[in-house]
Amino acid sequence: MSFWSRTPDKKQKRGYWLPLLMIGIVCLLVGIYQEQLTDIYRKAVMICLECIGIG
Amino acid sequence: MKHRFGLQRIRLLFQILYTIVTNGYVYGYLQGKIYKGPLKYACVPGLNCYSCPGATFSCPLGALQAALNERQIQIPFGVLGFLFIFGSIFGRFVCGWLCPFGLFQDLLHRIPLFHKRKRLPGHKVLKYGKYLVLVGLVLVGSSVLFTGFAKIPAFCKYLYPSGTLMGAIPLLGVNEQLQSQIGGLFYWKLGILMGLVILSIKIYRPFCQYLCPLGAVYGWFNRFSLVQIHWEQDACISCDACKEACPVNLRPEQISVSAECIKCGKCISVCPTRCLHYGRKPKVEKKHGQVKDMIATKCKMEQNPNRIDKNENQ
Ligand code: SF4
Ligand code: SF4
């Protein structure tokens, strides 16, 4: 059990959020360019039978 | 103390408003149909079953699984973009302040039944369950499991209780065509939902603590995110009021950095020296009088550690 309780305490990392946000924005732009948002839309406007426990 | 007491009311208001905005398509509930407008191009930060008749946006996990369900898997940049943007800004603040299924569990936990517990026995191991669900069901399961020739969104199909609650039950309530197709899978998922409902009355947010893959993702972002709760260690008098108030039992040095912290702010509301706060700017100004007051409080507590009336500070 000691393995699980040995996790060291972490510290807040200030300023890391900005590069991570940039990565997010770049990924989103690439996703838009590759028309992946259209794929998201196509799935989201159909009732997913599996998701509601029928399919 | 009044304005700090109000923080939890503001949080409740945020949760309700967010739920209405993301699941408030009333026409869908009445007709047993789902919204098909342009808002569904975008994912929202929290879990949001897009087969729910009220859903106005897409769900990041549903979209991720849909991308992995494609015959030729490509890197799902769009969904990753949403996850990085929400994660880098909010971390698990999304869980504490926005997610509708989090609100549902919060409300269940308020029901005055059973002796309340913060965690399940074996929490130190069980908390890794959400990572197992993320890897096993969302990433691997959705990439390799098939029904016939089609891949399946394994997490939504076998586990996702919010889909049963917000999608299946309202849709089946009014859509007779769907009612005729109910089978074993539906009862399996209904069983999971009922089990979690009962568990949530006793344990604080069991789904969020042990099963939610989105909580696992945002947990990783927690200590990097813009929204943070800051702990001014110098002003802390080690009274443990925050740990006692914390629904997931975190120590002050774990606040906001632990992947388990949902940034709900309950610890802020009870801190007697106000050394916890959202944002960067220190609230404890080192003015002569205030420092003296704090030292006096600390001295009194050392003489009698039970001095702080917890009820007064809740
Ligand atoms: S852990 Fe999951 S269900 Fe819980 S609040 Fe976060 S996103 Fe919502
Ligand atoms: S440490 Fe504070 S903000 Fe985090 S979950 Fe506990 S009470 Fe909420």
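None of the figures in this text is laboratory data; all of them are computed from the coordinates on show. Computed from a predicted model, the values in this text were never measured in an experiment. FYI the Cβ positions are ideal-geometry reconstructions off the backbone, even for glycines, and counts take in every protein chain you see.
By the count of other C-beta atoms within 10 Å, a proxy for reagent exposure, B:Phe149, B:Phe90, B:Phe114 are ordered fewest to most as B:Phe149, B:Phe114, B:Phe90.
For the range B:48-55, backbone phi angles converted through the Karplus equation (6.51, -1.76, 1.60; θ = phi - 60°) give residue-by-residue couplings of 7, 3, 7, 8, 5, x, x, 5 Hz, Gly and Pro being listed as x.
Ordered by the count of other Cβ atoms within 10 Å of each Cβ, fewest first, B:Phe57, B:Phe86 give B:Phe57, B:Phe86. Computing FRET efficiency as 1/(1 + (r/R0)^6) for B:Leu107 and B:Tyr128, where r is the C-beta to C-beta distance and R0 is 25 Å, gives about 0.40. Figure legend: label point modelled 7 angstrom from the Cα of B:Gln177 along Cα→Cβ; residues of the range A:24-53 with amide N under 11 Å from it are A:47. Normalising by residue count, chain B has a Cα convex hull of 150 Å³ per residue. Here the simple spin-label model places points 7 Å from the Cα toward Cβ, and for B:Ile73 and B:Thr147 these points are separated by 2.0 nm.
Counting, for every residue in B:39-50, the Cβ atoms of other protein chains within 10 Å of its Cβ and taking the mean gives 3. Using the Cβ-Cβ distance between B:Glu253 and B:Ile198 with R0 set to 45 Å, the FRET efficiency works out to roughly 0.85.
For the segment B:214-223, counting C-beta atoms of other chains within 10 Å of every residue's C-beta and taking the mean gives 1. Among the residues of B:71-78, the average count of other protein chain beta-carbon atoms within 10 Å of the residue beta-carbon is 5. Ellipticity at 222 nm from helices only: DSSP H runs of n ≥ 4 in chain B, each -39500 (n - 2.57), divided by the residue count, give -13500 deg cm²/dmol. Taking the number of Cβ atoms within 10 Å of each Cβ as an exposure proxy, the fewest-first ranking of B:Cys49, B:Cys242 is B:Cys242, B:Cys49.
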